[in-house]
Structures are given as structure tokens and as C-alpha cells.
Amino acid sequence: MAEERLRILTMLAEGKITADEADKLLEAMASRNKTTATEEIKPSNGNTKCRYMYVKVEPKQGMPSERVAIKVPLALIKTGLNFSKFIPKEAQDKVQESMDKKGIPFNMSEMKFEDLEEMFTAMEDLSIDVDTDESTVQVFCR
């Protein structure tokens, strides 16, 4: 990392890049290193199952957006499925009605533990990246 930083500063001193370009490069480098450092390492026992779902929001340079880093253990989601059985039928109906109105094909009463396992397995290779003018959003599992 120090070598990359020195290279950027040398290019700046030699006039090959502007101060603004150097700042953007340094910030991108720092963001890349921070993301790498905070990502969960998969277990070395050969088990490649996801253990966490991550949602990260990084503001673009000069934007007032908040930085967000959410790490949700998938075991918590599985536990939540078990607790959903205790939600009264009337409340489940209201949730379903709201989901239907928004066009979201989700039915809480039909969710099964096996469905979650299949979804988590599929998410091992999933990465959702959204790049806006103000921020970069990432959703992924590790």
C-alpha cells in the first residue's frame, strides 16, 4: 500500500496528474483496502456456505451521504423464520396485502427453512453493486 501511495505522490510531483486526480486515486485505494480488510474470510475447512449478508454504502467524494456497513448473520435470518410462525394470522395477512400491492412476490406463510438454505447457497456467488452520483451500494454474502 505504501508503494502505491508513493507512486501516486510521485506522479503528482512530476505533474503527470493533478492534485484532484491524486486525491481521487488515494481515496479509491483507501476504500479498496478498507473493503478488503472488513470482508469476512470464508472458513478454511472447505465449507463455502455464506455466514453473513453485507450491505455497504460508500459516499462518493465530496458527497454528504452517510457511510453504512451492515453485517447480518444468516443464522439470525433463519431464526427469524422460526419466530415468524408466532406472528398472528391477521398481521401476516396485512403484510401479505402490502407486499402484493407493491408487486413483491413473497408469501411469509409459504417460507420454509429449505428455501432459505437454497437462497443462501445461491447468494454465495451473488453481488449486487449499485453506483449512483452520490454513493456506491454493495450487497453480498461471505
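Quick look at the numbers
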quantity	calculated
Amide proton proximity set for Ser135, modelled H, under 5 Å, gap of 5+	Lys60
Using alpha-carbon coordinates, inclination of helix 19-38 to the longest axis of the chain, degrees	40
Cα shape, the chain, gyration tensor, a/c 1.5 rule	prolate
Candidates Ser98, Ser65, Ser84, ranked by Gaussian network fluctuation over the chain, Cα under 10 Å, top entry	Ser98
Rounded to 10°, Cα long-axis angle of helix 113-123 versus longest principal axis of the chain	20
Amide H partners (placed H, <5 Å) of Leu126, local residues excluded	Cys141
FRET efficiency, 1/(1 + (r/R0)^6) with R0 35 Å, evaluated for Asp20 and Val55 via beta carbons	0.70
Proximal lysines to Lys94, defined as alpha-carbon separation beneath 24 angstrom and excluding residues fewer than eight positions away on the same chain	Lys78, Lys85, Lys102, Lys112
For Met53, residues with placed amide H under 5 Å, excluding near neighbours	Val72, Leu74
Integer Hz, Karplus 6.51/-1.76/1.60 couplings in order for segment 125-142, x for Gly and Pro	9, 8, 8, 10, 10, 10, 10, 10, 5, 9, 7, 10, 10, 10, 10, 7, 10, 9
C-alpha long axis of helix 2-13 to longest principal axis of the chain, angle in °	50
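Computed from the coordinates by the stated procedures, all read-outs in this text should not be read as laboratory data. Note that this is a predicted model, so its numbers are computed, not measured. Glycine gets a Cβ as well: all are built from the backbone with ideal geometry, and neighbour counts include every protein chain shown.
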